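Participant: Below are the structure tokens for one structure; questions will follow.
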Amino acid sequence: MTCYTGAAQGEPTPGREIAELAWLTADEAGRCAPALRQVLHRLVVEGRVRRA
């Protein structure tokens, strides 16, 4: 899996096939699909996302 980072302009909003947007910590990974759980774990290891 390849992940990219970037900066948003303005407030992100859901649209089309996206029903909800949420800011999550790694402790909330249970709300995510299995692939995203793996990504969150890697981001925590790299210090890019807080555990809680």
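Participant: Within segment 2-14, is even one residue assigned to a helix (DSSP H, G or I) and out of contact with any helix residue (DSSP H, G or I) (no Cβ under 8 Å at 6 or more places or on another chain)?
Facilitator: Scanning segment 2-14 turns up no residue that is assigned to a helix (DSSP H, G or I) and out of contact with any helix residue (DSSP H, G or I) (no Cβ under 8 Å at 6 or more places or on another chain).
Participant: I'm told A22 meets every condition in (1) in a loop (DSSP other than H, G, I, E, B); (2) more than 10 Å from the chain's Cα centre (by Cα); (3) not charged (D, E, K, R) except one. Can you identify the failing condition by its number?
Facilitator: (2)
Participant: Being of a type outside the set (V, I, T), at positive phi and out of contact with any Ser or Thr (no Cβ under 6 Å at 6 or more places or on another chain), is that true of even one residue in segment 22-45?
Facilitator: no
Participant: Does segment 25-44 hold any residues that are in a helix (DSSP H, G or I), without any contact (Cβ under 8 Å) to a residue 24 or more places away in the chain and exposed (fewer than 10 other Cβ atoms within 10 Å of the Cβ), and which are they?
Facilitator: G30, P34
Participant: Residue check: is G47 part of a loop (DSSP other than H, G, I, E, B) and free of Cβ contacts under 8 Å to residues at least 12 places away in the same chain?
Facilitator: So G47 fits the description; yes.
Bear in mind that the values in this text are calculations on the coordinates, not laboratory data. In this text, all values refer to a predicted model and were calculated from it rather than measured experimentally. Backbone-built Cβ (ideal geometry, glycine too); neighbour counts: all protein chains shown.
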